[in-house]
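S.K.: Next up is a structure, given as structure tokens.
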């Protein structure tokens, strides 16, 4: 495999970032960066990353009136259902100083990469694009409200609102200015993955010592991530398949429900809470990497895709060829 292909692989770059950051953090060689500087750098990287990602989604033709039921389904699955497990875990963990990061896992929307992943796995790409815009707009209000209801007494809500504006509102606006700029898919994938690499290193490196000193909590947070990704995702896919829902909708629904935007969670958490609160977010990264690999290789594999699309009467797919 060429270096370019590795740089364009999200799973590889996230895995490499995890190894590098843990290596630096656990050996005590992670650079000492002031919390404010680390937070500012994280927000700048994420804002740039979000601007580029959202710029590939045109607003034209994505009116909610075209598919109001689909939009409602996206809001229910992508915001409400996707938030239930981390919120329940936060409520059950008592007075742990680490648990507040779960609120930002619950509050943040699904990753913008749900759109290209829907394309790769033959999901409903138009529904994914429309839902991404609607859910991200709704999250501008949803995130501050949820944080206020759960952490209102322990965080500065003005900082929360400002951070949401920096990582959600500003990129949505700036992305409209470059929608017509042609960007090679490989170049965009490499740039975005390098940004993800830096975000993971900044967050995991700052909390790596917790991986060693809080082994029990590490397993608990990883278990929560397994419930939020594997259990919820596979369960939803099974239910929708039994209900006769077609492949394209199932793919996109599962992605929206189970694949959170960890960059937003990291940036917001880092902006308003101490580094310890990043622990549940960073602990879930390894699980999310495994989940993406599992979806691509097993749950929505090309062989299964070909079989199910042929059964539905859609164009069959050669399992050996990427769509």
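Values in this text are rule-based calculations from the coordinates and carry no lab data. The model shown is predicted, which means the values in this text are computed figures rather than measured ones. Cβ coordinates were reconstructed from backbone atoms using ideal geometry, including for glycine residues, and neighbour counts include every protein chain displayed.
S.K.: Report the extension gain between residue 238 and residue 41 in nm, rounded to one decimal, defined as 0.36 nm multiplied by the number of residues separating them, less their alpha carbon distance.
M.R.: 66.8 nm
S.K.: Using only Cα atoms, tell me the angle between helix 185-213 and the longest principal axis of the chain; keep it within 0 to 90° and round to the nearest 10.
M.R.: Approximately 40 degrees, to the nearest 10.
S.K.: Give me the extension gain from residue 2 to residue 170: residue separation times 0.36 nm, minus the current Cα-Cα distance, reported in nm with one decimal.
M.R.: Fully extending the segment from residue 2 to residue 170 adds 56.9 nm.
S.K.: Need one number: convex hull volume per residue for region 90-141, Cα atoms only, in Å³.
M.R.: 101
S.K.: May I ask you to list the residues of region 172-203 whose amide nitrogen lies under 20 Å from a point 7 Å from Cα along the Cα→beta-carbon direction of residue 24?
M.R.: It comes to 190-203, nothing else.
S.K.: With a Förster radius of 25 Å, plug the Cβ-Cβ distance of residue 69 and residue 312 into 1/(1 + (r/R0)^6) and report the FRET value to the nearest 0.05.
M.R.: The formula returns an efficiency of 0.80 here.
S.K.: Same structure, new question: Among 158-165, 146-153, how do they line up by average Cβ neighbours within 10 Å per residue, starting with the highest?
M.R.: 158-165, 146-153
S.K.: In nm, what is the difference between 0.36 nm times the number of residues separating residue 245 and residue 219 and their Cα-Cα distance?
M.R.: 5.9 nm
S.K.: At a 10 angstrom cut-off on C-beta neighbours, averaged per residue, how do the peptides 257-263, 242-248, 273-279 rank from highest to lowest?
M.R.: Descending packing order for the listed peptides: 257-263, 273-279, 242-248.
S.K.: For a quick check, take a GNM of the chain with Cα springs below 10 Å and name the residue from 199, 22, 102 with the largest mean-square fluctuation.
M.R.: Between 199, 22, 102, it is 22 that shows the largest mean-square fluctuation.
S.K.: I've got another one for you. Restricting things to alpha carbons, find the Rg to Rh ratio for region 1-104 using the Kirkwood radius for Rh.
M.R.: On the Cα set of region 1-104, Rg over Rh gives 1.06.
S.K.: Taking only C-alpha pairs under 8 Å that are 6+ residues apart, what is the relative contact order of the chain in percent?
M.R.: Relative contact order of the chain: 33 percent.
S.K.: Moving to a separate point now. Relative to the longest principal Cα axis of the chain, at what angle does helix 285-294 sit, 0 to 90 degrees, rounded to 10?
M.R.: 10
S.K.: Which FRET efficiency, nearest 0.05, do residue 181 and residue 226 yield, Cβ-Cβ r, R0 41 Å?
M.R.: 0.55
S.K.: Can you give the helix-only mean residue ellipticity at 222 nm for the chain, where every DSSP H stretch with n ≥ 4 adds -39500 (n - 2.57) and the sum goes over all residues, rounded to the nearest 500 deg cm²/dmol?
M.R.: -21000 deg cm²/dmol
S.K.: Can you give me the C-alpha center-to-center distance between region 1-26 and region 143-182, rounded to a whole angstrom?
M.R.: Spelled out, the Cα-based centre of one part sits 28 Å from the other.
S.K.: Still on this model: Of 115, 251, 81, which is the most mobile in a GNM of the chain whose springs link Cα atoms less than 10 angstrom apart?
M.R.: Most flexible of the set in this elastic network: 81.
S.K.: Per residue, what volume in Å³ does the Cα convex hull of the chain take up?
M.R.: 135
S.K.: Suppose the Debye formula is applied to equal point scatterers at every Cα of region 103-238; what is log10 I(q)/I(0) at q = 0.11, 0.14, 0.22 Å⁻¹?
M.R.: Each listed q corresponds, in turn, to -0.57, -0.95, -1.53.
S.K.: With springs only between Cα atoms under 10 Å, which of 280, 58, 171 fluctuates most in a Gaussian network model of the chain?
M.R.: Judging by the Gaussian network model, the answer is 58.
S.K.: Let me ask another. Which order results if 198, 14, 256 are arranged by neighbouring Cβ count within 10 Å, fewest first?
M.R.: Fewest to most other Cβ atoms nearby, the residues stand as 198, 14, 256.
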